[in-house]
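First up is the structure itself, then whatever we jot down about it.
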Amino acid sequence: MPALKTTITAREIGKAIAKAIHEHKVLPGTKLGEDELSEIYGVSRTLVRSALQGLSHEQLVDIQPNRGAFVSKPSLREAREIFEARALLEPRTARSAALRMTKESARRLQTHIDDEHEALAQNDIGKALWLSGVFHIEISKLADQATIGRFIESLIARSSLIIALYRKRDSALCEKHAHHALLEALSQKDGARAEELMQSHLVDLVSALDLREKVSNPTKLKDVLGGLGA
């Protein structure tokens, strides 16, 4: 085992693992062994355990007694419920966001879209999916509804796991022009149009999922997780 890196925090380890999960580099059902992660990051098992507990609170990791930690694997029922909840919340949030839209907000959202398209051009599907989720989170932040925004962020985190399990190849990517259309409506402060576009966009996302029981192949952690502070 490499020398321990005392400058790395549990939060940093958790963020690195969460990013790998959101980018679908570490798939649902993968075991997150404390010994293996301790070796990868060059830290103590205590620090790894703290990071995994934090991810458990975010519902990205499922800690099972006497078995260890695994990347959460949403059921079919939960998958349907998650997108039903998003369909109830996000369209109205988009309407509220349109009323608070600024030029700076528009530039920030455009940057997210550009980054998403760049990831697609590089065939980095996992990163593109993660950036797509961030775009939706940014819209919820614009609405300035803290409680609803936190709930939406949690739903989108679970959506990332659901898409990793149930997407039809790359078809669960946000439709190429969907985010552009949303940004245009938001920039024009057209709340009704933004609400309508978000509603249809979420319907398209669900239609791109194959909601049948799936078996995911666990990931070899060393292949996708790099050490921090190297």
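Bear in mind these aren't lab numbers, they're just calculated from the coordinates by the rules spelled out. Note that this is a predicted model, so its numbers are computed, not measured. Methodologically, a virtual Cβ is constructed for each residue, glycine included, from the backbone with ideal geometry; neighbour enumeration extends over all protein chains shown.
Results, tabulated for the structure shown:
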| read-out | value |
| --- | --- |
| With Cα atoms, 0 to 90° folded angle of helix 103-121 axis to the chain main axis | 60 |
| Cα-based Lys pair tally, region 1-113, threshold under 26 Å, eight or more apart or on separate chains | 11 |
| For the chain, size of Cβ-based charge dipole, Lys and Arg +1, Asp and Glu -1, in debye | 380 |
| Relative contact order of region 1-103, defined on C-alpha pairs under 8 angstrom at six or more residues apart (%) | 27 |
| Listed values [x] 63, 28, 17; [y] 44, 18, 14; [z] 33, 19, 16, entry calculated as semi-axes √(5λ) of the Cα gyration tensor in Å | [z] |
| Extension gain (nm, one decimal) between Gln110 and Ile63, 0.36 nm per residue minus Cα-Cα | 13.1 nm |
| Estimated 222 nm signal from helices in the chain, with DSSP H stretches of n ≥ 4 weighted -39500 (n - 2.57), rounded to 500 | -21000 deg cm²/dmol |
| Nonlocal amide H pairs with Val43, under 5 Å, H built at 1.01 Å | Lys5 |
| Sites Asp144 and Gln53 - FRET efficiency at Förster radius 35 Å, r taken between beta-carbons, to 0.05 | 0.70 |
| Whether region 76-207 is rounded, prolate or oblate, judged on the alpha carbon gyration tensor where a/c under 1.5 counts as rounded | oblate |
| Residues whose placed amide H lies under 5 Å from that of Arg167, excluding near-sequence neighbours | Asp210 |
| Those trypsin sites (Lys or Arg not before Pro) in region 45-151 that DSSP places in a loop and that have at most 11 other beta carbons within 10 Å | Arg67 |
| Highest-MSF residue in the chain out of Thr102, Thr147, Thr111 [GNM, Cα springs under 10 Å] | Thr147 |
| Under Karplus coefficients 6.51, -1.76 and 1.60, residue-wise ³J(HN,Hα) of region 60-70 in Hz, glycine/proline x | 8, 10, 10, 9, 10, x, 6, 10, x, 9, 9 |
| Crossing angle, helix 191-207 versus the chain [Cα axis fit, 0-90 degrees, rounded to tens] | 50 |
| Value of relative contact order over the chain, rounded to a whole percent, pairs C-alpha under 8 Å and six or more apart | 31 |
